[in-house]
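Comments concern the structure below.
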Amino acid sequence: MKTCSINTNLLPQQYRAGARALLARVLLNYPRTVALVVIGSVTDGTWKPDSDLDVVWIHHGKRRRHWYENVDYDFDGPIELVLFDLKRVRDHFRQQSPMAHALQSCLVLYDPKGLHADWVKTPLGLPTCDWINDTYAFMLRRLEWGIGSYRQECGFHRRFCGASKKCHCAVTDVLCRAVWNLVRLIFVVQGHVPMSKVHGRQLFQDITRGVRLRRALDITLQVHHEKRYCRIEEAREMVYLGQWARSQ
């Protein structure tokens with residue numbers, strides 16, 4: 001597969017070489033790839049120099065189990081791959097999910113079948129009640145998992161760390177992701193579909209004046225951006241925000 005079939009010209013300069021190299025390996029190893037598109041902050045112009053490049057990889061059928069080894073993918077690198085098969089993409093449009101909205105406004109890197117043209121023609125409203133209910137139930141379970149991790153680490157912290165300045169306690173990043181997705185769900189219920197973290201932060205300013213809640217959201221977004229586990233003090237604020245979001 002020729003790398004010239006990947007159009008990176010619309011990307012900020014800092015991403016072009018890395019995206020072109022990684023996606024060329026994707027096409028070489030997975031010829032059943034049908035589209036590669038960019039969503040998120042790069043799409044809506046809110047990206048910063050340390051922002052990730054969010055690339056949706058759409059393919060026919062199944063991938064190999066250890067696909068990341070075949071394309072030499074760095075999970076901690078600046079390019080975030082989001083993987084879908086065509087059936088899942090159709091499900092998103094049927095449910096009018098935030099992902100469907102993001103795909104409509106994406107930057108196209110590779111799309112030989114013209115999928116994006118069809119997406120743009122598809123009328124989208126707010127996400128369906130089924131999508132909202134399913135997402136809420138799923139994220140609520142993940143929130144409870146994250147809170148359980150936090151409580152377990154608190155017990156370890158009290159027993160072994162105490163007043164020591166050195167603390168190696170780490171709460172699963174499931175907590176961070178669950179909290180952010182529950183907050184985004186509040187926006188959806190109120191009639192908004194945020195396309196990036198910056199957009200979400202702006203919407204959050206409109207729904208609460210709570211200083212601690214706003215600080216907790218900033219912590220959540222920072223940990224989410226850094227793709228790491230949470231420190232005890234960070235997790236404490238995320239639990240506070242998550243419980244507030246659940247109550248909404």
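The values are calculated or read from the model by the stated rules, or taken from the named source; none is laboratory data. Quick caveat, the model's predicted, so the values are computed rather than measured. Using ideal geometry, Cβ is built from the backbone for each residue, glycine included, and neighbour counts are taken over all protein chains shown. Ligands, DNA and RNA are excluded from the accessible area calculation, which covers all protein heavy atoms including side chains. Shrake-Rupley method; radii C 1.70, N 1.55, O 1.52, S 1.80 Å.
A compact table of results
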| item | result |
| --- | --- |
| Answer residue from the stretch 187-209, given it is without any contact (Cβ under 8 Å) to a residue 60 or more places away in the chain and charged (D, E, K, R) and is most open to solvent (accessible area, probe 1.4 Å) among those | Arg209 |
| Positions within the stretch 119-136 being among the polar types (S, T, N, Q) and surrounded by 12 or more Cβ atoms within 10 Å (Cβ to Cβ), in sequence order | Thr122, Thr128, Thr135 |
| Any hit, the stretch 203-222, residues being part of a loop (DSSP other than H, G, I, E, B), in contact with a Lys or Arg (Cβ under 8 Å, 6 or more places away or on another chain), under 30 Å from Ser105 (Cα atoms) and not hydroxyl-bearing (Ser, Thr, Tyr) | no |
| Top-ranked residue of the stretch 44-59 - restricted to ones that are more than 14 Å from the chain's Cα centre (by Cα) and among the β-branched types (Val, Ile, Thr), ranked as modelled with the highest pLDDT | Ile58 |
| Some residue of the stretch 76-99 being at pLDDT 95 or above, surrounded by 15 or more Cβ atoms within 10 Å (Cβ to Cβ), touching a Ser or Thr at 6+ places or on another chain (Cβ under 9 Å) and outside any helix (DSSP H, G or I) | yes |
| From the options Arg151, Arg159, Arg212, Arg184, residue that is in contact with a helix residue (DSSP H, G or I) (Cβ under 8 Å, 6 or more places away or on another chain), open to solvent by 40 Å² or more (accessible area, probe 1.4 Å), among the charged types (D, E, K, R) and without any contact (Cβ under 8 Å) to a residue 60 or more places away in the chain | Arg212 |
| Neighbours by Cβ (under 8 Å, 6+ apart or cross-chain): first from the stretch 8-36, in contact (Cβ under 8 Å) with a residue 24 or more places away in the chain and closer than 18 Å to Leu86 by Cβ; second open to solvent by 50 Å² or more (accessible area, probe 1.4 Å) and of a type in the set (Asp, Glu) | none |
